[in-house]
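Below is a structure I'd like to ask you about.
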Amino acid sequence: MLKPFVEKLRDRLPVRRAEQEPEPPPTLASLFMVSCVEDDGPVRADGEKLAVCEALGLEMDEPGIGAFAGALNACDFPFQLLVRQHPPRLDGLRAALERAEPEKLSKRARAAAASTRRLLVDLENRDGVLDRRFYAVCAAAHAKTLRGLLVRAGLSVHALEGRSLRMLMLSAALGGAPGERDVEGCVEAFIGRRDVRIGGRHVRSLHLGRWPRTLAPGFLQGLMAAGAPMDLAIHLGPIPAEQAARTLEWQKVRFESARSLTFRRGRSPSPETEIALEDVDRLRDEVQRGRERLFHASLSVTLHADELETLDEMTRRASGHFAAALGKLDPMTFRQREGLLSTMPLALNAVAVWRTLDTSSAARLFPFSPPDLDTRSGTLQGIDLRARAPIVYDPWDGTHLNANTAVLARSGAGKSFATKLGVLRGLCRGVVCYVIDPEGEYAAMARDAGGRVVSPGVPGEGLNPFVIDRRDPEELLQRIGSLRRLIEVMVGERLGAEMRAALDHALAGYYAKTEGRSGFQGFYSHLEQESDPVIARLLRPFATGSLRHLLSDEGGDLLADEAPVTVFDLRLLEPELRPAAAMVCTETVWAAAAGDPKPRLLVVDEVWSIMQHPEGAAFMVSMAKRARKHRLGLQFITQDVQDLLSEDTSRTITGHSGRALLQNAAFKLLLQQDAAAVATVGEAFDLPEELQRWLLSCPRGDGLLLARGSRFPVRIEASPEEASVVDYRPGRRGGDED
């Protein structure tokens, strides 16, 4: 009986013939409503040409929020603000470090360089380490206006074009940080009820259905600081002032009518009604005065995870963040594609749900913070504890004021370890380093890295800072002034005006008549024969006395046979002679830098021993100002923070030399501070009280990096191979044989 029925049913059903080809699956472009991606911007499926610009992160403060509010008030077109944070892609940095590795490295230094690259791989796969980027998207016709408004708000903005734009669009569709991808490969996309599966990743979109009544500054930073890979989009559409005023007036009449009706019924109005009426009344006055504007606003979040359980946990954390502020994230059931489209750089609110916000509330969202210091060039400096991003920069890339670094910390806070780690990573990419070491802490590291240790004052290891390139008149003039200050430190007293003039005359006369290689012994002979014998008597210990091996040509030429790292070990000298020896070493390095400008690092440990002498202070400040000219980076370290930052008004300019030295350092690393000095540090660097308290109790190796006008809480992290090279142990001599 069933056979005829089945045959009739089969005849009525459409049958695909064998010769018909199967329908091709939809492309990514059609799935994500992208018609094409041109060099200067994507084109949506509806034909709208867009412009995308990337903004650098900015420190969030009240002036910054106010400037952003001013930019919003001047905007009269809809736009999208997008924040993308995903695990970083550091393969390009690893390849660059491998290419830059010099051949003249020891086995242990090569092992340390390889371990640095492995550490970068670990950071790519470590939970909580993210690459955060900020974007603004609008119609192409308004691109210049939007960039101008963001620049007026204090942001650094540049347009995305070409390859960078295509990588962004592809990564926004597939998830992850922008990078090279196989665009010819096949990617499966499955849209479910509560999540989307793209390739092997799970994606879930959420929409802020109920907004908090008040938005505190940094409201979104707490969500992004949770360390979850996500795309967060804010869509803003300004409401014309006339329409906003009419809407607020109507809202006020409605609330007043409801309150009057409640009174006539013998009841008191609810607190919600009273609060709403006060808000509407205040906002109406602000809009009419032009201080505020109203915006249609929408906020959507798309979370990414490899496992469904991880995605569920991330969803609970995100919902809890908004619930703590009396907000509510909607799960977007059966609308996952619309939520995903809303968090792509398409300037499209596919969710089509809006909330009205005033300018102040929209400005408090401020999605451009916190800043990061990840330039993907140079080497790894540490991990940003706030932005959860690697700190990677190159002090010599020309984008910074100079390559100088100040390291300030209490004893035992890890300043020597951090400095030696930076030296090791620098020399592994070709940065030549010189270290002035008063206590012999860097000698073992230098030997392990294939460098050399020079002990000034020991026979055969003399230095010659009196070498000057006389072809450059400006250089000759500056170096004569430096040598004059060096001689004052050598003799241990500040010379009078008459003797200073005689010394200047003697130096100028010596270099005017010298044709061969200049040196201290030749200058001393010139003083004895043709100049002031009084100065010659003061310098006699350095010519024929116990310090005759400090300034001589007995040592090798630093520039002719330049080692990857050279340590000037001053521990054999008497403490009162170390400032003069340190200045001799510094002048010798300056002579090498002036003769062959290339990236070099000069580390001066315990710089306060030089700064406490007025001539030494003037010498170090002058060195910090001039170092950039010859691509020399000056890194100075001190634990006498309070002495360095103190001001002695009785000594005029030299009384402010410590602060002047800090002002000429583009990077400042503040590790754990002493309670007696933290107030001085906080005042000098304008640190809020919470950061001052954190510097008192932060773990060893954690600190605060000040650069580019921002503050970056940093953690110094080394691989085991790096730690074995830079870790100081008394009595350890170092060398590959260890």
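The values are calculated or read from the model by the stated rules, or taken from the named source; none is laboratory data. All figures in this text were calculated on a predicted structure; none of them were measured in a lab. Every residue, glycine as well, gets a Cβ built from its backbone with ideal geometry; the counts of neighbours run over all protein chains shown. Keep in mind that these areas ignore ligands, DNA and RNA; they rest on the heavy atoms of the full protein, side chains included. Shrake-Rupley method; radii C 1.70, N 1.55, O 1.52, S 1.80 Å.
Using a 1.4 Å probe, how large is the accessible area of VAL432, given in Å² and rounded to the nearest 10?
Solvent-accessible area, nearest 10 Å²: 10 Å².
Measure off, as a whole percent, the carbon and sulfur share of the 1.4 Å-probe accessible area of the range 455-525, all protein chains present. Let's see the in-between values first.
Values: 1660 of 3240 Å².
Within the range 455-525, the accessible surface is 51 percent carbon and sulfur.
Whole Å is fine, so just give me how far the alpha carbon centre of the range 112-184 lies from that of the range 621-635.
Computed from Cα coordinates, the inter-centre distance equals 33 Å.
With each run of n ≥ 4 DSSP H residues scored as -39500 (n - 2.57), what mean residue ellipticity at 222 nm is computed for the chain after dividing by its residue count and rounding to the nearest 500 deg cm²/dmol? Walk me through the numbers on the way to the answer.
Values: 28 runs with 304 residues, N = 738.
Taken over the chain, the calculation gives -12500 deg cm²/dmol.
Further, regarding this structure: Can you flag which of LYS49/LYS144; LYS104/LYS420; LYS420/LYS625; LYS420/LYS668; LYS598/LYS625 are past 20 Å Cα-Cα?
Working: LYS49/LYS144 14 Å; LYS104/LYS420 18 Å; LYS420/LYS625 24 Å; LYS420/LYS668 16 Å; LYS598/LYS625 17 Å.
Those over the limit are LYS420/LYS625.
Using +1 at the C-beta of Lys and Arg and -1 at the C-beta of Asp and Glu, which of VAL681, LEU645, HIS86 has the Cα lying farthest in the positive direction of the dipole of the chain?
HIS86
Taking the radius of gyration and the Kirkwood hydrodynamic radius from Cα positions alone, what is the Rg/Rh ratio for the range 307-442, to two decimal places? Don't jump to the answer; show the numbers that get you there.
Working: Rg = 23.2 Å, Rh = 20.3 Å.
Over the Cα atoms of the range 307-442, Rg/Rh equals 1.14.
Right, next: State in Å² the accessible area per residue of the chain; use a 1.4 Å probe, count heavy atoms of protein chains only, and round to the nearest integer.
Numbers: 33320 Å² over 738 residues.
Accessible area per residue: 45 Å².
Gain in length, SER646 to GLU474, computed as 0.36 nm per residue apart minus the alpha-carbon separation, to one decimal in nm?
Full-extension gain reported as 58.6 nm.
Read through the labelled values (i) 254; (ii) 180; (iii) 165 and report the label of the one computed as volume of the Cα convex hull per residue in Å³ from the structure.
Evaluating volume of the Cα convex hull per residue in Å³ on these atoms matches (i).
If you don't mind, there's one more thing I want to ask. State, as an integer percentage, the relative contact order of the chain based on alpha-carbon contacts under 8 Å between residues 6 or more apart. Before the final figure, lay out the partial values.
Working: 1326 pairs, mean separation 121.0, N = 738.
Once divided by the residue count of the chain, the mean separation gives 16 percent.
Let me ask something else about it. Computing the accessible area with a 1.4 Å probe over protein heavy atoms, can you report the carbon and sulfur percentage for the range 147-209? Each step should come with its number before you reach the end.
Working: 1450 of 3080 Å².
Carbon and sulfur atoms account for 47 percent of the accessible area of the range 147-209.
Going toward the positive end of the dipole of the chain, with +1 on Lys and Arg Cβ and -1 on Asp and Glu Cβ, which of SER156, ALA100, SER657 do you reach last?
SER156
Using Cα pairs under 8 angstrom and six or more residues apart, how large is the relative contact order of the range 363-445, in percent? Kindly include the intermediate steps, with their values, before the conclusion.
Values: 67 pairs, mean separation 14.9, N = 83.
Relative contact order, the range 363-445: 18 percent.
If you don't mind, another one. What is the angle, in °, between the Cα long axis of helix 107-125 and the longest principal axis of the Cα atoms in the chain? Nearest 10 is fine, range 0 to 90.
20 degrees
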